[in-house]
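Student: Dropping the structure in here first, questions after.
The values are calculated or read from the model by the stated rules, or taken from the named source; none is laboratory data. The shown structure was predicted, so the numbers you read here are calculated from the model rather than taken from an experiment. Every residue, glycine among them, receives a Cβ derived from its backbone with ideal geometry; neighbour counts consider all protein chains shown.
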Amino acid sequence: MRTRKVLAGLAACVAVAAGGVAVGALPWTQDMVRGRAVEPQTLMQVPPPNTLAINHPRVIDRTEADGRLTNPLAASPEVLRQGRTLFDIDCAVCHGADGRNPGPVGKSFRMVPDLSEPAIQAYSDGLIYSIIREGGFEMPGYADALSPAERWALVHFVRTFRQPS
């Protein structure tokens, strides 16, 4: 009789433990793992149509940026120096110091664009700006890390990679 109670208690403990494991494996308990809020370097989302940005410029998508944005900064030596510094800090780890060869982090990725390529240099300033702001396929966006003026300085610096004609 006592053995039967011990076995029943042991079976109950095993059942409770198995039930806890089963409940822990249910899909809704994994939402923090799969949720967009915890995924690193996710793409910036464009606000719904007809919404207004308050105290900030309106965020426009890449296609609209390509056609409408122009660089408000002149390519002065000071702006180019700032762009070089920002490039060295934020970009060279992937694009390399010369913008042509992958840097130490960029070597881990399939394809890091050569910024001197004529196709990339043919991009409008607005398109380069939006790529810096929003990121690319594997490139993180820098909207939160760089101010608009810093992003425009980077656009000017990226232009220094042009290959001579």
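Student: For region 82-116, name all the residues that are farther than 17 Å from residue 145 by Cβ and among the hydrophobic types (A, V, I, L, M, F, W, C).
Tutor: Result: 97, 109, 111, 112, 115.
Student: So, in region 121-155, exactly how many residues are aliphatic (A, V, I, L, M), within 17 Å of residue 69 (Cβ to Cβ) and touching a residue at least 40 places away in the same chain (Cβ under 8 Å)?
Tutor: Adding up the residues that qualify gives 8.
Student: Assuming residue 138 fulfils every condition listed in (1) in contact with a helix residue (DSSP H, G or I) (Cβ under 8 Å, 6 or more places away or on another chain); (2) surrounded by fewer than 16 Cβ atoms within 10 Å (Cβ to Cβ) apart from one, which condition is it?
Tutor: With respect to (1) in contact with a helix residue (DSSP H, G or I) (Cβ under 8 Å, 6 or more places away or on another chain); (2) surrounded by fewer than 16 Cβ atoms within 10 Å (Cβ to Cβ), residue 138 is out only on (1).
Student: While we're looking at this one, here's another question. State whether the residues of region 47-67 include one that is exposed (fewer than 10 other Cβ atoms within 10 Å of the Cβ) and at pLDDT 90 or above.
Tutor: There is no residue in region 47-67 that is exposed (fewer than 10 other Cβ atoms within 10 Å of the Cβ) and at pLDDT 90 or above.
Student: Turning to a different aspect of this structure: Would a scan of region 77-96 turn up a residue that is loosely packed, with under 10 Cβ neighbours inside 10 Å, in the same structural domain as residue 144 (by TED's automatic domain parsing), at pLDDT 75 or above and part of a helix (DSSP H, G or I)?
Tutor: As a first pass, look at region 77-96 and keep what is loosely packed, with under 10 Cβ neighbours inside 10 Å: 77.
Then drop every residue that is not in the same structural domain as residue 144 (by TED's automatic domain parsing), which leaves 77.
Of the ones still in play, those that are also at pLDDT 75 or above are 77.
Remaining after also requiring part of a helix (DSSP H, G or I): 77.
Scanning region 77-96, I find at least one residue that is loosely packed, with under 10 Cβ neighbours inside 10 Å, in the same structural domain as residue 144 (by TED's automatic domain parsing), at pLDDT 75 or above and part of a helix (DSSP H, G or I), so the answer is yes.
Student: Another question, if that's okay. Exactly one condition in (1) part of a helix (DSSP H, G or I); (2) under 20 Å from residue 80 (Cβ atoms) is not met by residue 130; state its number.
Tutor: Answer for residue 130: the failing condition is (2).
Student: So is residue 116 within 18 Å of residue 132 (Cα to Cα), modelled with pLDDT of 80 or more and within 26 Å of the chain's Cα centre (by Cα) or not?
Tutor: yes
Student: When you look at residue 100, is it surrounded by 14 or more Cβ atoms within 10 Å (Cβ to Cβ), at pLDDT 80 or above, part of a loop (DSSP other than H, G, I, E, B) and of a type outside the set (Gly, Ala, Ser), yes or no?
Tutor: Yes; evaluated as a whole, the condition is true for this residue.
Student: Considering (1) in contact with a Pro (Cβ under 7 Å, 6 or more places away or on another chain); (2) within 12 Å of residue 155 (Cβ to Cβ), say which one residue 86 fails and leave the rest.
Tutor: Unmet for residue 86, out of (1) in contact with a Pro (Cβ under 7 Å, 6 or more places away or on another chain); (2) within 12 Å of residue 155 (Cβ to Cβ): (1).
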